[in-house]
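The values are calculated or read from the model by the stated rules, or taken from the named source; none is laboratory data. Nothing here was measured: the structure is a model prediction, and the numbers come from that model. In this analysis, Cβ positions are derived from the backbone assuming ideal geometry, glycine residues included, and neighbour counts consider all displayed protein chains. To get the accessible areas, we keep the full protein, side chains included, count just its heavy atoms, and leave off ligands, DNA and RNA. Shrake-Rupley method; radii C 1.70, N 1.55, O 1.52, S 1.80 Å.
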Amino acid sequence: MSGPDAASAGMLLTARDIRELAEAAGIRPSKQRGQNFVMDPNTVRTIVDRAGVEPGQAVLEVGPGLGSLTLGLLEAGAEVVAVELDRGLAELLPLTLRARGVGDERFRLVHADALQVTELPSLPRAGEPTTLVANLPYNVATPLLLTILGRFPSVRTALVMVQSEVVDRLTAGPGSRTYGGPSVKTAWYGRAVHAGRISRQIFWPVPNVDSALVELVRHEQPLGTDAERETVFAVVDAAFAQRRKTLRAALAGWAGSAVRSEQILRSADIDPGARGETLGIEEFRAIARAQTGIP
């Protein structure tokens, strides 16, 4: 690596580095797995800066790919737990980091499907990851984010890059055209905001969709227990499975009958003729609580 690009990149990967690494290892981005590799060091630094990563902080990254963002996090002084499903990428990443002087104690790789991971390794000095920073595979971005938030309470904040339309759904409020189940479930965990757009041109291959960042900060106190969350999410799933139906009809299957559904809704002080897209997280919590209180 030489020239002005290398000088500005420092320990980060340039577009040329990315292509050379991939070619040498016989790696091609997989459309099936939603892989689009970040090739611009400036964008990487912008993401790391926006995430507020601090030296010594433990960071979780899902889908590190060839290591562009991983190196950005390490450059900022963080220590990283990376979860990678692709075998070729999982084998290559530790070699890339070592070649750039990263000590093994600063990095842990989990070769697995992030949707199946139930336990994260603790880093020797930094401990458990407290933030998620990732370029999430676009085809599973929403379930990945919600799964991580549900399983790992040590992760207090997140800044992830996903399709722009996914950001719109995750940050939408009641009554919005893009409001739906993911919006409500995200609101259970914390407050999500749109954190900036990302140019298509910084990816290899260039995607045919726009990308953006979504930032989430957890509520200081959880809204409820895991069992309560499961009940609330069941209500949400039922309400949006048939979103054009009234809640009385949409929740009939979940409640056992339309009559019981109406009973529960009235007990929760919610109009049975309303639709799920008009309710916020607190209203869905009220429905779940009312259901447990009605024989």
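Rounded if a/c is under 1.5, else prolate if a/b is larger than b/c, else oblate: which is segment 84-132, with a ≥ b ≥ c the root eigenvalues of its Cα gyration tensor?
Oblate, because a/c is 1.5 or more while a/b does not exceed b/c.
Give me the compactness ratio for segment 1-153, meaning the Cα radius of gyration over 2.2 N^0.38 Å.
Relative to the rule-of-thumb radius for its length, segment 1-153 sits at 0.98.
Could you compute how much accessible surface S211 exposes when probed at 1.4 Å, giving the result in Å² to the nearest 10?
Its accessible surface works out to 0 Å², give or take rounding.
Any idea which of T142, A238, V83 is furthest toward the positive side of the dipole for the chain, if Lys and Arg beta-carbons carry +1 and Asp and Glu beta-carbons -1?
Comparing the listed Cα positions along the dipole, A238 ranks first.
With charges only on Cβ, +1 for K and R and -1 for D and E, what is the dipole size of segment 95-200 about its Cα centre, in debye, rounded to 20?
280
Using the Kirkwood radius over C-alpha pairs as Rh, can you work out the diffusion coefficient of segment 144-286 via Stokes-Einstein at 4 °C, viscosity 1.567 mPa s, in µm² per second?
80
Using the Cα gyration tensor of segment 122-191, with a ≥ b ≥ c the square roots of its eigenvalues, what is the shape: rounded (a/c below 1.5), prolate (a/b larger than b/c) or oblate (neither)?
prolate
Counting alpha carbon pairs within less than 8 Å and at least 6 residues apart, what relative contact order, in whole percent, applies to the chain?
So the answer I get is 14 percent.
Quick one: net charge of V167's neighbours, Cβ under 10 Å, K/R +1, D/E -1?
-2
State the Cα centre-to-centre distance between segment 59-93 and segment 179-216 in whole Å.
So the two Cα centres are separated by 20 Å.
So if I place +1 on the C-beta of Lys and Arg and -1 on the C-beta of Asp and Glu, and nothing else carries charge, what would the dipole magnitude of segment 156-295 be about its Cα centre? I want it in debye, nearest 20.
220
To one decimal place, what orientation-averaged projected area in nm² is obtained for the convex hull of the Cα set of the chain?
That works out to 15.8 nm², a quarter of the Cα hull's surface.
Quickly estimate the mean residue ellipticity at 222 nm for the chain, helices only: each DSSP H run with n ≥ 4 gives -39500 (n - 2.57), and the total goes over all residues, rounded to 500.
Calculated from helices alone, the mean residue ellipticity at 222 nm is -12000 deg cm²/dmol.
Given a 1.4 angstrom probe, what's the average accessible area per residue across the chain, in square angstrom?
46
How large is the dipole of segment 1-140 about the Cα centre if only Lys and Arg carry +1 and Asp and Glu carry -1, each at its Cβ, rounded to the nearest 20 debye?
The calculation lands at about 260 debye.
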